[in-house]
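Have a look at the structure below before the remarks.
The values are calculated or read from the model by the stated rules, or taken from the named source; none is laboratory data. These figures come from a predicted structure and were not determined experimentally. Cβ atoms come from the backbone with ideal geometry, glycine included; neighbour counts cover every protein chain shown. Only protein heavy atoms, including side chains, enter the accessible area calculation; ligands, DNA and RNA are left aside. Shrake-Rupley method; radii C 1.70, N 1.55, O 1.52, S 1.80 Å.
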Amino acid sequence: MTAQTDTTGPVTAVYKVSGMSCGHCEGAVSGEISQISGVSSVTAVASTGEVTVVSATPLDDEAVRAAVDEAGFELAGKA
């Protein structure tokens with residue numbers, strides 16, 4: 001008999017954020033989102049408006065929205 005283990009790995013989600021125009025913007029958004037519990041990596045790209053987030057479990061969209069708002073930008077949705 002073999003015991004089953006939960007082997008789910010990290011979750012990657014891509015969000016669209018409007019208003020980012022420079023490296024400072026990327027840093028502000030990344031910094032706020034990285035404070036959400038379970039987030040292990042955040043990559044923001046101002047030129048595309050995309051923010052890629054890697055986390056241990058799926059994130060609550062409202063938590064992401066609040067973090068983006070705190071940074072001074074608007075979450076446009078998932079890419």
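Would you check the accessible area of SER47, probe 1.4 Å, heavy atoms only, in square angstrom rounded to 10?
It works out to around 110 Å².
Say we join alpha carbon atoms closer than 10 Å with springs in a Gaussian network model of the chain; which of GLU32, GLU50, GLU62 then has the biggest fluctuation?
GLU62
With everything on Cα atoms, drop me the angle between helix 61-71 and the longest principal axis of the chain, reported from 0 to 90° to the nearest 10.
30
Report in % the part of the accessible area of the chain that belongs to carbon and sulfur, leaving out ligands and nucleic acids; probe 1.4 Å.
Details: 2410 of 4810 Å².
Looking at the chain in its full context, I get 50 percent from C and S.
Taking K and R as +1 and D and E as -1, what net charge do the other residues with C-beta under 12 Å from the C-beta of ALA71 add up to? Intermediate values should be presented prior to the final figure.
Numbers: positive: ARG65; negative: GLU26, GLU32, ASP69, GLU70, GLU74.
For residues surrounding ALA71, the net value is -4.
In the calculated pair distance distribution of the chain, what percentage of Cα-Cα distances lie above 21 Å? Each step should come with its number before you reach the end.
Details: 771 of 3081 pairs.
Pairs farther apart than 21 Å: 25 percent.
What do you get for the angle between helix 23-33 and the principal long axis of the chain? Use alpha-carbon atoms, 0 to 90 degrees, nearest ten.
Computed tilt is about 40 degrees.
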